[in-house]
Amino acid sequence: MKLYPLFADLSQRAVLVVGGGAVAERKIQALLAAQAVVTVNAVELTGQLQRWVAEGRIAQRREAFRDDWLDRVWLVVAATSDREVNRQVAAAAMQRRIFANVVDDAALSSFHVPAVIDRAPLTIAISSGGDAPMLARLLRERLESLLDHSLGTLATLAAKLRKRIRVRFVDMAARRRFYESLFAGPVATLLRQGRPDEALAAAERALAAAPTESAGSVVLVGAGPGDPGLLTLRALRALNEADVILHDRLVSAEVLDLARGDAERIEVGKQAGHHHTTQDGIHVLMLEHARAGRRVVRLKGGDPFVFGRGGEELEFLRAHKIPYEVVPGITAAVACAAYAGIPLTHRDHAQSVRFVTAHGQASRDTLDWHALAQERQTLAVYMGVAGLAELQQRLIEHGRAPSTPFALIENGSRAEQRVITGTLANLAEGAAMHAVRSPALLILGEVAALATSLAWFGAPPVGAAMHAIRAPASRQPERDDAPARAGLLTAIHRASR
């Protein structure tokens, strides 16, 4: 973020506007709404500006701009068609450390006037940093249709009750819960219906009846693979209600940015060989914060119940009588495959899909390799790239064709997504050649070949090196007939071309 957003109180404070055309008129109209004391510096004025001068609402200086006029103002707006005059105004403001806005010249401006949605006393401002003002206006138009005009009345009602709310709710979490119910409950509905007296009475009753201490709870939330657009509406609401967020290492910064600004964020990510927080440590943190009355979001990449140990965490919470709920997320296999243009099932290629994890040797030893090597199915493998060589070898040993297509999807759904394609025969070599790093997901099966033709997101897929790789002789499956050996060699040769 280049610009620091702020709202300035200009009531009864002097502001100078240099220029007397239509643009200056729009700027002055907004300044008058903010109760600023406006002086316009121009010889010729629009008809409206002339009327405001005649009515005494603004003052006028007819002579050429002088730097020392800025000694008595809080900020200045340069709205002339003469760039040299605008430059002079900006330079004089810079020398005096006064904020200046030069219309249609972001480089000379030290502040920008945003597109505004007025629901007084609620104000929503949108800025593009001066680079795309039309985009900011378009967003304002869209938001205008979404934000009811009763929001201003709701803000005024909350202001009337603010002191009493602060006295009643010493506990910040309880206070926040009350405000949430006030803004989203029957009080807001009554105001939308134009019934302010009934709304105030309902707010008074709610204030008297609301508990003064907050009960803690935990929400397990699936964050998806990284693209914040894949969050569910319930996940977004949970992030905005959270007091504490315990998040995995691979939860994207863009997803975390959607959370409430004052929520405490604690990374509890685990990485192969680098366990920052143990699972028991995560349990302790959930319990500690929930018992302190906080609303805890346990934010997990993908889905909490697909290789996310969400079941273990719920068992712990239940054993300690902590209220909980689960917000499912889009698991990495589904999202990454979709963003790579790969259908996990296909009538012509795959009638089933298996989700597999193989992070460690122990987990790999328990897999049914014979079943995994069956054709006409898709394997979606959640694992570190360190185990690819063994995965490749075992699948070939158990009968999976070396020519079976694969797609390695690194940073799936994110701006830096990469897709590496090839065949099982060159899986490990291709991953090493392209230095594939976590987070990466492997799609293996005939459908993976569609990544090349159906790709739609990010950079086009990159083909892996087509060098046949054989398992060590001692691990090769026995083949007694020469035709079978010849067929295997032919398949490898075709895959390597």
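Counting only helices (runs of 4 or more DSSP H) that sit completely within segment 164-276, those holding 3 or more residues that are buried (at least 17 other Cβ atoms within 10 Å of the Cβ) correspond to 172-184, 186-192, 196-209, 233-241.
Please count how many residues of segment 166-198 are among the hydroxyl-bearing types (Ser, Thr, Tyr) and either closer than 18 Å to Ala242 by Cα or in contact with a strand residue (DSSP E or B) (Cβ under 7 Å, 6 or more places away or on another chain) (or both). Qualifying residue count for the region: 2.
Within segment 284-335, the set of residues being assigned to a helix (DSSP H, G or I) and either surrounded by 19 or more Cβ atoms within 10 Å (Cβ to Cβ) or touching a Pro at 6+ places or on another chain (Cβ under 7 Å) (or both) comprises Met286, His289, Ala290, Gly310, Glu313, Leu314, Phe316, Leu317, Ala332, Ala333, Val334, Ala335.
When segment 31-49 is examined, which residues are found to be in a helix (DSSP H, G or I), exposed (fewer than 15 other Cβ atoms within 10 Å of the Cβ) and hydrophobic (A, V, I, L, M, F, W, C)? Of everything in segment 31-49, just one residue is in a helix (DSSP H, G or I), exposed (fewer than 15 other Cβ atoms within 10 Å of the Cβ) and hydrophobic (A, V, I, L, M, F, W, C), namely Ala33.
Screening Ala449 against (1) over 30 Å from Arg249 (Cβ atoms); (2) part of a loop (DSSP other than H, G, I, E, B) leaves a single unmet condition, (2).
Here is a yes/no grid of residues against (1) surrounded by fewer than 20 Cβ atoms within 10 Å (Cβ to Cβ); (2) of a type in the set (Asp, Glu); (3) more than 30 Å from Leu122 (Cβ to Cβ); (4) at pLDDT 95 or above:
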site	(1), (2), (3), (4)
Pro5	yes, no, no, no
Gly21	yes, no, yes, yes
Ala54	yes, no, yes, yes
Arg57	yes, no, no, yes
Gln60	yes, no, yes, yes
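Of everything listed in (1) part of a strand (DSSP E or B); (2) touching a helix residue (DSSP H, G or I) at 6+ places or on another chain (Cβ under 6 Å); (3) among the aliphatic types (A, V, I, L, M), the single unmet condition for Leu70 is (1). For Leu16, are the conditions met, namely being surrounded by 14 or more Cβ atoms within 10 Å (Cβ to Cβ) and either of a type in the set (S, T, N, Q) or assigned to a loop (DSSP other than H, G, I, E, B) (or both)? When the stated conditions are applied, Leu16 does not pass them. Counting the residues of segment 79-92 that are part of a loop (DSSP other than H, G, I, E, B) and in contact with a helix residue (DSSP H, G or I) (Cβ under 8 Å, 6 or more places away or on another chain) gives 2.
Here segment 312-347 is the region considered, the condition is being in contact with a helix residue (DSSP H, G or I) (Cβ under 8 Å, 6 or more places away or on another chain) and of a type in the set (Asp, Glu), and the residue that is farthest from Ala223 (Cα to Cα) is Glu312.
The values are calculated or read from the model by the stated rules, or taken from the named source; none is laboratory data. Keep in mind that what you see is a predicted model, and the values were worked out from it rather than measured. So basically every Cβ, Gly included, is an ideal-geometry build from the backbone, and we count neighbours across all protein chains shown.
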